[in-house]
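Single-structure report; data block below.
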Amino acid sequence: CELFGAEILERSVALGGTVTGEHGVGVEKLNSMCVQFSPEERAQMLQLKAAFDPAGTLNPGKQIPTLHRCAEYGRMHVKRGLLAFPELERF
């Protein structure tokens with residue numbers, strides 16, 4: 001059921017829609033944000049969150065998928081055996 005839900009969200013993004021809705025992003029939708037937003041956009045979101053929540057205490061790990069989470073979800077692109085931006089810290 002969760003995989004089917006993710007397929008629906010990713011199809012929505014492919015057709016020009018978004019992952020988020022009026023209730024925001026919860027645990028179920030978090031992985032699909034790896035499809036909708038680029039690594040640069042996710043980094044900007046994390047920087048903004050850090051500015052308002054430097055201790056990371058507000059809803060930790062839910063709003064913005066980390067590089068580690070996107071890699072686990074299989075949404076990191078490897079071309080010719082090389083990762084894009086190899087200087088970034090990996091898990």
query = At what distance in nm do the modelled label points of LEU58 and SER12 sit from each other, each positioned 7 Å from its Cα along Cα→Cβ?
reply = 2.4 nm
remark   = The local net charge around CYS1, scoring Lys/Arg +1 and Asp/Glu -1 for residues other than CYS1 whose Cβ lies under 13 Å from its Cβ, equals -3
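Quick note: the coordinates plus some simple rules give every number you see, no bench work behind them. These numbers come from a predicted model, not from an experiment. Because the Cβ atoms are built from the backbone with ideal geometry, glycine has one as well, and the counts that use them run over all protein chains shown.
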